[in-house]
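Undergrad: Just dropping this structure here.
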Amino acid sequence: MERMGCCKCCGQTMLIKVTDELREEFPEEVEELGRSVTEEEEEAAADNLATLTCKCREGRDMRQYRRRLKDCKDKIEAMFRDSYPEIADALQETKDAVIAGYIARIQVTDAATGGTASMFMKKDRLKIRWKKPVEMEIEAG
């Protein structure tokens, strides 16, 4: 599939060609382009992909922010989804606000285990931490 798209940051037009590499890097955006029904939806999806793949200086910060969000999403899923799906959901819901700096720290405690997940920015890096309390008891004699 090929479609012309326009970068929302610099206005440059480019041919958007859906490749395996593009599918891997931007799966949701490529899927959105593929399921577009109207011409307007297809144009908006192509413009979004053009903006994400453009190399313009104007869009550098936006693309870096999007990469950080995607990396954060992937790390949350890998760290929590299988064992603690509710914590994964809570962190996914708040990651944008933490990365943007609207929330300094989010902390969520698992009711069953007492483990605590926290997410915060440290310098220019997002930190996700999991602490699980360890309690030991022993009786003798």
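Undergrad: Given the rule -39500 (n - 2.57) for each run of at least 4 DSSP H residues, summed and divided by the residues of the chain, what is its mean residue ellipticity at 222 nm, to the nearest 500 deg cm²/dmol?
TA: Values: 5 runs with 66 residues, N = 141.
Helices in the chain give a 222 nm mean residue ellipticity of -15000 deg cm²/dmol.
Undergrad: Excluding Cys56 itself, what net charge comes from residues whose Cβ is under 13 Å from its Cβ, given Lys and Arg +1 and Asp and Glu -1?
TA: +3
Undergrad: Please go through the residue pairs Lys70/Lys122; Lys70/Lys127; Lys55/Lys127; Lys73/Lys123 and name each one whose alpha carbons sit more than 24 Å apart in this structure.
TA: Violating the 24 Å limit, Cα to Cα: Lys55/Lys127.
Undergrad: Can you tell me the orientation of helix 39-53 relative to the chain, as the angle in degrees between its alpha-carbon axis and the longest Cα principal axis, to the nearest 10?
TA: Result, in degrees: 70.
Undergrad: Give the long-range amide H neighbours of Ile103: residues separated by 5 or more places, or on another chain, with amide H under 5 Å away, using H modelled in the peptide plane at 1.01 Å from N.
TA: The answer is Val98.
Undergrad: Tell me which residues come under 5 Å, amide H to amide H, from Lys8 once H is placed; ignore anything under 5 positions away on its chain.
TA: Thr51
Undergrad: Moving to a separate point now. By how many degrees, between 0 and 90 and to the nearest 10, does the Cα long axis of helix 60-80 differ from the longest principal axis of the chain?
TA: Taking the Cα atoms of the chain, the angle to 60-80 is about 40 degrees.
Undergrad: Taking every alpha carbon pair in the stretch 72-141, what does the distance histogram look like in 5 angstrom bins from 0, in percent?
TA: P(r) over the stretch 72-141, rounded to whole percents: 3, 16, 28, 21, 13, 7, 4, 3, 3, 2, 1, 0.
Undergrad: Oh, and also: In terms of the ratio Rg/(2.2 N^0.38 Å) built on C-alpha atoms, what value belongs to the stretch 1-108?
TA: 1.23
Undergrad: Where in the stretch 86-140 are there chymotrypsin sites (Phe, Trp or Tyr not before Pro) that are in a DSSP coil and have at most 10 other Cβ atoms within 10 angstrom of their Cβ?
TA: Those satisfying the criteria are Tyr102.
Undergrad: If you average the C-alpha positions of the stretch 92-116 and of the stretch 33-78 separately, how far apart do those two centres end up, in angstrom?
TA: Here the two parts' Cα centres lie 24 Å apart.
Undergrad: Taking the chain as the reference, fit the longest principal axis to its C-alpha atoms, fit the long axis of helix 85-100 to the helix C-alpha atoms, and give the angle between the two in degrees, 0 to 90, nearest 10.
TA: Long axis of 85-100 versus the principal axis of the chain: about 60 degrees.
Undergrad: What does the charge add up to near Gly11, with Lys and Arg as +1, Asp and Glu as -1, over the other residues with Cβ less than 11 Å from its Cβ?
TA: -1
Undergrad: In square nanometres, what is the average projected area of the Cα convex hull of the stretch 8-58? Spell out each step's value before the answer.
TA: Numbers: hull surface 13.9 nm².
Averaging across all directions leaves 3.5 nm² for the Cα convex hull.
The numbers here are math on the coordinates, done by the rules we state, and not lab data. The model shown is predicted, which means the values in this text are computed figures rather than measured ones. For neighbour counting, all protein chains shown are included, and Cβ atoms are generated from backbone atoms with ideal geometry for every residue, glycine included.
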